[in-house]
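Readers should treat all values here as calculations from the given coordinates under stated rules, not as data from a laboratory. Bear in mind that the values here come from a model prediction, so they are computed numbers and not experimental data. Glycine gets a Cβ as well: all are built from the backbone with ideal geometry, and neighbour counts include every protein chain shown.
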């Protein structure tokens, strides 16, 4: 799971005042420090406005899955306004994740199947003719995996939320087993598995 933004495009606009390097760096560090569990941030904009004794900090995040999160705070100090706005943004990001997890939570009436991970010893794979019976697997990391019926969009969202390299599910459209995974270029791919 990614915990820091890498090369995130951040635009900082200051109105009615000249921007100082320390203020720009502070806002950039705060935005880059947002936790990236969900949703994944694609671009960020910060608008810092000074009007007489009012300092207004507005932050807009453009995230994956067409999610836009924005918040603004008004105060007497710009640094405090930025801090409070970042706190609001973080709360809204957690709300999006909670809503998504509640939506994808399995219902009690759904049947649950588990696929057990099995690994075979390399010696058996090198000399299959020596084996009189099926090779005995050894378990490296036991894990339970739930196969659910869902749409590809839901599987991609679940992949975004987990640290697994793939999501295996039964396609609600085609009624076949499908694997969705992230390719090296960052795009998603889906493979149908015949029954």
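Assorted remarks:
- Residues in segment 174-195 that are surrounded by fewer than 17 Cβ atoms within 10 Å (Cβ to Cβ) and either in contact with a helix residue (DSSP H, G or I) (Cβ under 8 Å, 6 or more places away or on another chain) or not in a loop (DSSP other than H, G, I, E, B) (or both): 177, 179, 181, 182, 188, 189, 190, 191, 192, 193.
- Among residues of segment 176-189, those that are in contact (Cβ under 8 Å) with a residue 24 or more places away in the chain and more than 14 Å from residue 158 (Cα to Cα), counted: 1
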